[in-house]
Structures are given as structure tokens and as C-alpha cells.
């Protein structure tokens, strides 16, 4: 290959983006390129891994499910081998949120795929689904109800254009409902009606809010809804979209046959048979509970939303910044103080990141440090006493759009350790380099100490690092003598850092 061909190939790869959705029923991957602000799909790959069906009675992924999932990711890895890391996003949903051995799976999955997998909360899953669906629809002022049936959860979103007004994730999915109500693929009127009633009871707490917001059009996403739509259309049971009348005809056909495994229906693919009954029950329950007349089907879903979210992070607004600002407002954070702590922390980071190798292929440590600085005092809104514990808890438990569970864990560990004695256990459950995260936390601690006087100065002290864990700070002439509280605090901090394996000197 000539140098010109190599350059062309390299530029081609730089324009590619990949999104991987490790769902409870199937693993999906999409590869696309950005063309004038639009996403052009160039490859798709899907495998029915059925991770949820592989959960055993102890809540762990079985050996077979574990092995099948890893093997699938090895095949995915081959397709994205040359795509830049920053252009690849992989997320795990309901089953990986709940499986007791998901951490072990994620460790091996990262090796197989060549990229880390981010576990996202239900509301974040709903946000990304809506983003994907909205980008696949014509521009209009219609208010939309979007529904997505996954293997372990079902999401409901109401929004207009690219903005959502409501996100809901419920604990029901095509796999979980099938396992519970249709064991051994037995479909009867009794267990179908029980399944529908159960799904209605899951949705009922959200029904009033959804109906109060209202919608002009209902849209279904995901493989289950697409599959049911294809069956209705192939059997001429659709009426310009999915209707309750058509769904009931499909229900009657399954009940008459007594099983989904070998029923002869036009448009039914073999890969969908094992979860058809549970998905149908969830969809009928939604039509009945929300009084939906007709539902259209979107070709886009979570994985497309991931691509557009990645483009936003790289070239436009990062929704995580919006989440941080919203949390500051909600918890009445002193933003002047937070901004000055963030300014000094960033200055220290710029001086330390090469010596300490504060880089990660999967996470932006600089942004994590700034966000931690902006949110470290959010727990004061609950109580000043033990506020660092409150801050850590709030960040770990809050629904923050754009953040995955690992990012929230890292921020929470930094919050807990931004002052006081180091709580090393906070870093134990974090998969990224604990050493690097502790070092990042040291920078936050120093910035917080320096600004305890709340004097709103943009300080940029010099930081020298020797032998990795030996730190020396130098301030402008007479600054320490003019700030005796800061000098005392740094003396206390030096003792605190000793317990964490660092030495601190200053002048």
C-alpha cells in the first residue's frame, strides 16, 4: 500500500463511529460515518445472545451465557479494530445492571472487544433510545410517545423533536415476562391474561404522568416491536400501523396453537420465537393501559442514539455538562467557590498529568476532575455534617443524563475523598486504574484545601512531582504568610496524604 493510500485509509477510519448495545436479549452493533451532520450507516451486526435467559437462580450469568457473550464480542471486536477509540461506545443494559457476576463479565468483555463497556441506568437508556428515534424521524412539532421493549426492561419516553419531557424505565421485558409466564413455551388464555395483567400493574404507576403529558403519535422501537409489526403486516392484521385489534389477533393465534416455538405465522422469524409471547404481552398491556390507538415503528433505537450522543460529545454539547450544571442548581451549590476550586484543580492537572500518566483510553480524567470540583459541595444542601458522604451518595444514586455507572462511581469516590481521611474502600469497586484515580483525587484535595478561605482567587501554584508520590507546591511570594488558614490546612493535608502513601511539602 502506498503512503497516499495509507493516509486515505487512516482518514477513512477517523470518520467512522461504532455503537454497541449489549442488550438482555441480543447484542447489536452499528458502524456509521458522519456526512454533513448526518449519520450514514455502513454496517450492522446482531447476535441473539439471550443474556437474560442465562441468569441462574442465584442471579449470576451461567457459564454458557457468559461464554456466548464473550465469543460474540470477540467477533464484534474484529469489525471495529481500526476505528479510533474515542469514536466507539459500548453499553450494557438491564441484565448487566443486575447480574451478580457482571463485573467479571465486563473484565473479560473488555479484553474480547478491545473497549470498555459502560453500564447505563434505565433512564439513561431511555434518553439514548429517544435520541436515536428522534434523529430518524421527520422534523415536526408533534409530541411523541416512544416505547422500547428490551429483554429485561421496557422504556417509555415522551418528547418533542430532540428534547424529552419524561423518561421511564420499567422492570419488564420480552425475556423476563416470557420466563415468568410462559415456561416451556406454553401459551394459554390463562397465562397470557396473567402476563398482560402483570405488565399493566408494572406500567400503572407511570400511567397518570404519561397520559397527563400526552402525545400526538406513538412510536415503537426495538426488535420485539419491529418483529410484531412485521407479523401483523404479513398477515394483514395491521391497519396503517400496530393496533390493539391486530395484537389481539396475534394473541389468539398463539393461544390457539398453544406455543410460539413452532406456530406457522407469516413474517415470524425463528430467532424471535423464544421471546414473542412475553413481548406481545408487554405491548398489549401498554396499548390497554395507555389507550393507544395506533403505533408506528422506528428503524432507530439505542445504538443509533449512542452514535449521535458520541458526535455530540466530540463536536457539540456534551449532555454531561448539562447534568452537572443542573445538579449544581438543584443542590444550591456555591458556583463561585466551585469554579475557583475547578480552576486550581485544572492548573494542577496540567502540571501533573504527564508525570502521573493521567490518561485513560476510556475516560476523560480532566473532565472528571473538573466535574468533581464543581460538585464536591453538593452534599451541603443536606447537611454540613458529613457532607462529603452526602455528596458521594447523591452522585452515585442520582439519574444524571450522559453518565454511565462507572463514571458516577469514580466521581463518588473522589467526592468521598476530597477531604478528611482517605477511604480506600471507595476505590475498590472501580475497574479503571485505582492508582490514577487516587492521584486525581489528590489534585482535587489540594485545590479544595487551597480555597478553603473562599476568597475567590484564581490560584495556579507550581506543582513539582518527584519519585511519583513526592509532591511539592510553591506559591507566589508571601501568599502563604498572608493566608495562615491555608498554610495550616496544607500542614494538616500533608499528614492526611502520608496515610495514603504521598508526601507533601510547600512554600
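The values are calculated or read from the model by the stated rules, or taken from the named source; none is laboratory data. All of these numbers come straight from a predicted model, not from anything done at the bench. Cβ coordinates were reconstructed from backbone atoms using ideal geometry, including for glycine residues, and neighbour counts include every protein chain displayed.
Annotations for the structure displayed:
- Looking across 241, 246, one residue alone is touching a strand residue (DSSP E or B) at 6+ places or on another chain (Cβ under 8 Å) and under 30 Å from residue 165 (Cα atoms). It is 241.
- Scanning the range 42-81 for residues that are in contact with a strand residue (DSSP E or B) (Cβ under 8 Å, 6 or more places away or on another chain) and part of a loop (DSSP other than H, G, I, E, B) yields 49, 51, 62, 80.
- Selection status of residue 359, under 21 Å from residue 446 (Cβ atoms) and surrounded by fewer than 20 Cβ atoms within 10 Å (Cβ to Cβ): yes
- Any hit, the range 340-350, residues being in contact with a strand residue (DSSP E or B) (Cβ under 6 Å, 6 or more places away or on another chain) and within 17 Å of residue 445 (Cα to Cα): yes
- Check on residue 380, outside any loop (DSSP other than H, G, I, E, B), closer than 26 Å to residue 91 by Cα and touching a helix residue (DSSP H, G or I) at 6+ places or on another chain (Cβ under 8 Å): no
A quick yes/no check of all residues on (1) surrounded by fewer than 24 Cβ atoms within 10 Å (Cβ to Cβ); (2) not in a helix (DSSP H, G or I):
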site: 90; (1), (2): no, yes
site: 107; (1), (2): yes, no
site: 110; (1), (2): yes, no
site: 123; (1), (2): yes, no
site: 126; (1), (2): no, no
site: 134; (1), (2): no, no
site: 138; (1), (2): yes, yes
site: 159; (1), (2): yes, yes
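- Flag if residue 366 is assigned to a loop (DSSP other than H, G, I, E, B), without any contact (Cβ under 8 Å) to a residue 24 or more places away in the chain and not assigned by TED's automatic domain parsing to the domain that holds residue 33: no
- Single condition residue 72 does not satisfy, out of (1) modelled with pLDDT of 95 or more; (2) assigned by TED's automatic domain parsing to the domain that holds residue 208: (2)
- For residue 350, the conditions (1) part of a helix (DSSP H, G or I); (2) farther than 24 Å from residue 115 by Cα; (3) under 26 Å from the mean Cα position of the chain (by Cα) are fulfilled apart from (3).
- Exactly one residue among 47, 34 is closer than 15 Å to residue 307 by Cα, assigned by TED's automatic domain parsing to the domain that holds residue 15 and at pLDDT below 95, and that residue is 34.
- Listing of helices (runs of 4 or more DSSP H) fully contained in the range 189-306 that carry 2 or more residues being within 25 Å of the chain's Cα centre (by Cα): 189-213, 223-234, 276-290
- A single entry from 161, 179 fulfils the requirement of being outside the structural domain of residue 98 (by TED's automatic domain parsing) and within 26 Å of residue 34 (Cβ to Cβ): 161.
Okay, residues lined up against (1) surrounded by 16 or more Cβ atoms within 10 Å (Cβ to Cβ); (2) more than 22 Å from the chain's Cα centre (by Cα); (3) outside any loop (DSSP other than H, G, I, E, B); (4) touching a residue at least 12 places away in the same chain (Cβ under 8 Å):
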residue: 355; (1), (2), (3), (4): no, yes, no, yes
residue: 370; (1), (2), (3), (4): yes, no, yes, yes
residue: 374; (1), (2), (3), (4): yes, no, yes, yes
residue: 388; (1), (2), (3), (4): yes, yes, yes, yes
residue: 394; (1), (2), (3), (4): yes, no, yes, yes
residue: 410; (1), (2), (3), (4): yes, no, yes, yes
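- Residue 70 vs. criteria crowded, with 18+ Cβ neighbours inside 10 Å and at negative phi: no
- Failed item in (1) surrounded by fewer than 23 Cβ atoms within 10 Å (Cβ to Cβ); (2) more than 24 Å from residue 55 (Cβ to Cβ), with residue 219 passing the rest: (1)
- Check on residue 432, modelled with pLDDT of 95 or more, assigned by TED's automatic domain parsing to the domain that holds residue 493 and under 19 Å from residue 356 (Cα atoms): no
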